[in-house]
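Novice: Once you've had a glance at the structure underneath, I'll fire off some questions.
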């Protein structure tokens, strides 16, 4: 039987969907501008089968704020502290967009605790063009709040997606986040590069792209796939920048099939 444990009083705010002593768990890493609720629809499919840990990254949701930019190395350290705190021996990091960069960096830094990794809408590095746009976004948010970048900040990652309750839910959570914390999260990834981490990975990897993703398009996901030693690639034809959120049932099943093939379902 799965239990739901809210253990957000120390370190990262998080929710554990698990038995009493999970041996392996999915470690769910949300994209920039989101929080742990990003994974809710996927968790409904996963929790009956495997333990799940969803967390708010530093400077997101209800987790502690950074004094300055929230860099990938800090996120990796936070996630490892969370794993140790929960006493979970093995994790499968699952990240989306910027979260996939953090997932790859975590898997490379803590290979002894990682048997597989799932990278959705991934990239190897923040391009110069993207970095310029991100710096401009951070400045706009600091000057005018989240309203200064809406609705474009949601319209673009939801390109060609239905105007439904799920999109509205994402919009409301995005618009209500702390502007300074969001800017700190942005500035932590403007120079991010996980190409060495990706190249170092030896565990099985599942790489997933969204056909309508214009922010981190399929070509970038394919670069990640080709840089990995043991990788499976899948493109979702009806999704954009947030495949797990936009196609949760299909994404969750794809992950379960991948975990079964790689021996990570017990």
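Values quoted throughout were computed directly from the atomic coordinates according to the rules given, and no laboratory measurement underlies them. Just so it is clear, the structure is predicted and the values come from calculations on it, not from any experiment. All Cβ positions, even for glycine, are placed from backbone atoms using ideal geometry, and neighbour counts span all protein chains on display.
Novice: Can you tell which of 86, 12, 36 shows the greatest fluctuation in a Gaussian network model of the chain with Cα springs below 10 Å?
Specialist: Its mean-square fluctuation being the largest, the pick is 86.
Novice: With a 10 Å Cβ neighbour count serving as the proxy for reagent exposure, in which order, fewest first, do 82, 27 appear?
Specialist: Going from sparsest to densest Cβ surroundings: 82, 27.
Novice: Taking neighbour Cβ counts within 10 Å as the exposure measure, how do 174, 158 sort from fewest upward?
Specialist: 174, 158
Novice: Among 83, 58, rank each residue by its count of other Cβ atoms within 10 Å, from fewest to most, as a rough exposure measure.
Specialist: Neighbour counts put them in this order, fewest first: 83, 58.
Novice: Test of understanding: in a Gaussian network model of the chain with alpha carbons linked when under 10 Å, which of 160, 121, 13 would top the mean-square fluctuation ranking?
Specialist: 160
Novice: Which distance in Å, rounded to a whole number, links the C-alpha centroids of the stretch 153-211 and the stretch 9-84?
Specialist: After rounding, the separation between the Cα centres reads 14 Å.
Novice: Report the Cα centroid-to-centroid distance between the stretch 250-266 and the stretch 87-142 in angstrom, as an integer.
Specialist: The stretch 250-266 and the stretch 87-142 have Cα centres spaced 20 Å from each other.
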